[in-house]
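The values are calculated or read from the model by the stated rules, or taken from the named source; none is laboratory data. Model, not experiment: these values are computed from the prediction. As a convention, Cβ positions derive from the backbone with ideal geometry for all residues, glycine included, and neighbour counts pool all protein chains shown. Ligands, DNA and RNA are excluded from the accessible area calculation, which covers all protein heavy atoms including side chains. Shrake-Rupley method; radii C 1.70, N 1.55, O 1.52, S 1.80 Å.
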Amino acid sequence: MKVKKSTNGEIYKELEELRIQLQEANDLILAIRTGQVDALVVENDNGHQLYTLKSADQTYRVFIEKMKEGAVTLNDSGIILYSNSQFASMVDMPLTKVIGMHFHAFIPPEDKENFEQLFRRGWESDSKGEISLRNKNGEVVPFQLSFTSLELDEGTALSIILTDLTLQKQTERQLKLQNELLEESRLKVAKMNEELEDIVKERTRDLVLSREHFKFLADNIPVIVWTARPDGSIDYFNKLWTAYSGLTLAQSTHGLQTILHPDDFEAAVRHWNTCISNKNRFEFEYRLRRKRDGEYRWHLGYAVPFKDEHGQTIAWFGTFTDIEDQKRQMAKKDEFISVASHELKTPLTSLKAYIQLISNSKYLPEDIHLYVKKANQSVNRLQSLISDLLDVSKIQAGKLTFTTECFNLSELVASCIENISHVYASHKIKKSLAPELIVKGNAERIEQVVMNLVSNAVKYSPPKSDIIITAEKRGTSAAVTVTDYGIGMSEANQQRIFERFYRVENTSVPTPGLGMGLYIAAEIIKEHNGSIEVKSRPHEGATFSFFLPLVAGQRD
Ligand code: ADP
């Protein structure tokens, strides 16, 4: 080889050119080092090739470095020309190592084919796809890859933005789960709704049915039926009412005055108003005018309040029962009792007189004496029954009259106990009597009351049990009590035993009686402006008490 001889000038010139080239090369290396230019030297078949990126702009570099997503740039063989530090940290490798690696290395085998397709398509147009990558913990993580081809000085490159879909997938999964739960709840609610609708339908049907039943019953029973609001204003009458009174519902609510007998109106309205305010059962007898013939007929007005769980009245259910015929029959019966007891009284008095005469006879054999004694006892019992019947008749006729005077009630009770102790030796009679209780009344009638209470106590309690009698002052009244420890009675019976001829049905202990004693006692006490009451529990005994007003000087 022939070497061309150069002049000194030429050598200097060449040296100067080489120096400039070196300077340029050094500047480039510095630019690459300081990140002013993205560049990479890749070794291939044609020796080393340097790649530099056009986008050496600092603003974008910072932006790409700071974003959450991974960003890489690949050449056409899939070599990573550029990677941001986020991608390096995703795959847990130093950035310097990642650059120059084959991107395929991070793709699990099952996703390789999928990636190949995306990779090919990415060169042609912007595209997206989902694949999995292994993260730094070796876990396969879902990513979304966005492909865009870039123009570099050295040819085209492919940039990929990698978005971690783990959180999104988790959110999607949670959302799906919540949606499923929501759907499940919706179905449950829908089912409950259906069930509720069924129940409502059933209840409505029951309600309609029971209302129809009520109307049917109310319109077909021979009793006037009505309902009222809590304040007592009537809001329903059955057909019988209209037929009887000739009034419509609207006319009835204001026109009851025209139907009720003038003598009964005031008392009935007063009692009805008291029952409304006390929310108590209403029971009253009055006469109602029949439209057909203008006749006033006795009716029993009866109403009960229907209350809610707080005891407030929701409605009143009431009836008017025609008791005219019963009243007439009762009047006939009373008349019969009155006549019969009067008629019986005279022959009985002479019978008693004859028995008395026979028993006084000296020549009577012993056994006949015994028969006469027994006959006398029966006559006495008959006399007391007839005397009770006469009393009942007198009370009915309003003729139970007696003279009154002041007497010591304590003394009267003491003398009653004295008599009783002889007659009822079977029981232990105990007493506690205040020394002086002066009342005004008829001593004989009050004695009748005491004797009745004590004879009942004996009748309805076992032999040898105690009977306690007390007489004491209570406020402005004198109180007499008779307590026994016998069969007692229910609350319901306590309400009724002062009624005429009322007897408690007690088949286990049959006792003679007609249910007149307490009725007469109550009427006598009422005539004395006093009151009578009973307190009792079944099988524990009973305490009957009556109260009479003390004379003025004796009151507290
Ligand atoms: P009677 O003649 O039937 O005893 P009363 O009017 O004296 O009539 O009494 C009415 C009813 O009250 C009785 O049938 C009885 O059931 C009940 N009675 C009265 N006194 C007592 C008592 N001391 N203990 C239990 N029940 C009683």
Taking the residues in segment 491-505 that are under 40 Å from the mean Cα position of the chain (by Cα) and either open to solvent by less than 40 Å² (accessible area, probe 1.4 Å) or at positive phi (or both) as candidates, determine which candidate is farthest from the ligand (Cβ to nearest atom).
494
Selection from segment 506-556 of residues that are within 15 Å of the ligand (Cβ to nearest atom) and of a type in the set (Ser, Thr, Tyr)
507, 508, 511, 519, 536, 543, 545
Which pairs have Cβ atoms under 6 Å, sit 6 or more apart or on different chains, and link a residue in segment 512-529 that is under 18 Å from residue 493 (Cα atoms) and at pLDDT below 95 to one that is open to solvent by less than 20 Å² (accessible area, probe 1.4 Å) and within 11 Å of the ligand (Cβ to nearest atom)?
516/392
Is it true that residue 372 is under 56 Å from the mean Cα position of the chain (by Cα) and assigned to a helix (DSSP H, G or I)?
no
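Kindly indicate which of 286, 302 is aromatic (Phe, Trp, Tyr), under 17 Å from residue 223 (Cα atoms) and surrounded by fewer than 17 Cβ atoms within 10 Å (Cβ to Cβ).
302
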Filtered residue count, segment 144-160, keeping only those that are open to solvent by 30 Å² or more (accessible area, probe 1.4 Å) and touching a Lys or Arg at 6+ places or on another chain (Cβ under 9 Å)
4
Are there any pairs, at least 6 apart or on different chains, whose C-beta atoms fall under 6 Å, with the first in segment 193-211 and exposed (fewer than 10 other Cβ atoms within 10 Å of the Cβ) and the second acidic (Asp, Glu), and if so, which?
none
Options 243, 268, 250; residue that is under 18 Å from residue 297 (Cα atoms) and either exposed (fewer than 15 other Cβ atoms within 10 Å of the Cβ) or touching a Pro at 6+ places or on another chain (Cβ under 7 Å) (or both)
243
Filter segment 308-348 down to the residues that are touching a residue at least 12 places away in the same chain (Cβ under 8 Å) and among the β-branched types (Val, Ile, Thr), then identify the one that is farthest from residue 225 (Cα to Cα).
337
Would you confirm whether any residue within segment 437-458 is farther than 17 Å from residue 554 by Cβ, within 52 Å of the chain's Cα centre (by Cα), outside any helix (DSSP H, G or I) and modelled with pLDDT under 95?
no
Considering 162, 158, 145, which residue is farther than 19 Å from residue 92 by Cα, among the hydrophobic types (A, V, I, L, M, F, W, C) and at pLDDT 90 or above?
158
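Looking only at segment 222-263, how many residues end up being in a helix (DSSP H, G or I) and under 18 Å from residue 276 (Cβ atoms)?
Taking segment 222-263 as the starting set, the residues that turn out to be in a helix (DSSP H, G or I) are 239-245, 249-259, 262-263.
From the residues that got through so far, the ones that are under 18 Å from residue 276 (Cβ atoms) too are 252-254, 256-257.
Qualifying residue count for the region: 5.
Those residues that are acidic (Asp, Glu) and without any contact (Cβ under 8 Å) to a residue 40 or more places away in the chain, I need them from segment 349-390; list them, please. Let's see the steps before the verdict.
Step one: filter segment 349-390 for residues acidic (Asp, Glu), giving 366-367, 388.
Result: 366, 367.
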So residue 440 fits all but one of (1) open to solvent by 40 Å² or more (accessible area, probe 1.4 Å); (2) touching a Pro at 6+ places or on another chain (Cβ under 9 Å); (3) within 16 Å of the ligand (Cβ to nearest atom); (4) not β-branched (Val, Ile, Thr); what number is the exception?
(3)
Please work out if residue 482 is within 12 Å of the ligand (Cβ to nearest atom), modelled with pLDDT under 95 and among the β-branched types (Val, Ile, Thr).
no
